[in-house]
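The values are calculated or read from the model by the stated rules, or taken from the named source; none is laboratory data. Since the model is a prediction, treat every value here as computed from it, not as a measurement. Here the Cβ positions follow ideal geometry from the backbone for every residue, glycine too, while neighbour counts run over all protein chains shown. Each accessible area value is taken on the protein alone, full model and side chains, heavy atoms only, with ligands, DNA and RNA left out. Shrake-Rupley method; radii C 1.70, N 1.55, O 1.52, S 1.80 Å.
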Amino acid sequence: MSGTPGNGGGVRRLLSCLGAVVVVLAALAGGAVWLLRDELFHPFGDARACAGSDAKLPGVISAGGAPIPAGASDIHYLTRNGRAEVAFVSGRIPDYLNRAGILPEDKPLFDTEYGEKVDDGIARPDDLCGTPLREPLWLYHSTTDDGADVSVLVERSPTVNDAFRFPARAVVTYNFP
């Protein structure tokens, strides 16, 4: 008779221990997902890549033939069919334009031979994630030495007519290998 009550208690004890193990495992799994959320939910495990990208860009992005400025922030990219759109924020946009060969060093920032003012409300290219561009904008057009087209859309200063915002957001669109 003493064996019957013990069996019921043993089953309850086993179920409660099993329940505790399940709760601990669920907490561990949830913690792992939280810690690895950037790698789990971004294309290629790259927090800079936007949904819909079909190729991963390298750690140092060379957009239009020159690396984006050191210290650039809020970097995002979208890749489709060999074309990349890279958005970033930097206070060194003029230096980048010169290094990429988009604007010669001896030319003013807003030389209409190399670009044009954009007034039609372009916020940013479709599906490119991150913070949208703020108007007014300037669009540079360039062709690299190998004949590839590069365009750079940059935020202009709303108060100083011949300057960029500081720091300015830029979107570079180019072909990549």
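The label-point distance for A26 and R80, in a model that sets each label 7 Å from Cα toward Cβ, rounds to 4.1 nm.
Phi-derived couplings, Karplus 6.51 cos²θ - 1.76 cosθ + 1.60 at θ = phi - 60°, listed residue by residue for the range 72-83: 4, 10, 6, 7, 9, 9, 10, 10, 8, 6, x, 10 Hz, with x used for Gly and Pro. The label-point distance for C129 and E116, in a model that sets each label 7 Å from Cα toward Cβ, rounds to 3.3 nm. Peptides 13-26, 105-118, 79-92, ordered by how many other C-beta atoms sit within 10 Å of their residues on average, highest first, read 79-92, 105-118, 13-26.
Order of 168-175, 157-164 by packing, highest average Cβ count within 10 Å first? Please report the intermediate quantities before stating the final value.
Values: 168-175: 22.6, 157-164: 11.5.
Listed from highest to lowest mean packing, they are 168-175, 157-164.
Placing R0 at 45 angstrom, the Cβ-Cβ distance between K56 and D106 gives a FRET efficiency of 0.75 after rounding to 0.05. Expressed as a whole percentage, what fraction of the accessible surface of the range 68-128 belongs to carbon and sulfur atoms when a 1.4 Å probe is rolled over the protein heavy atoms? Ligands and nucleic acids excluded, carbon and sulfur reach 44 percent.
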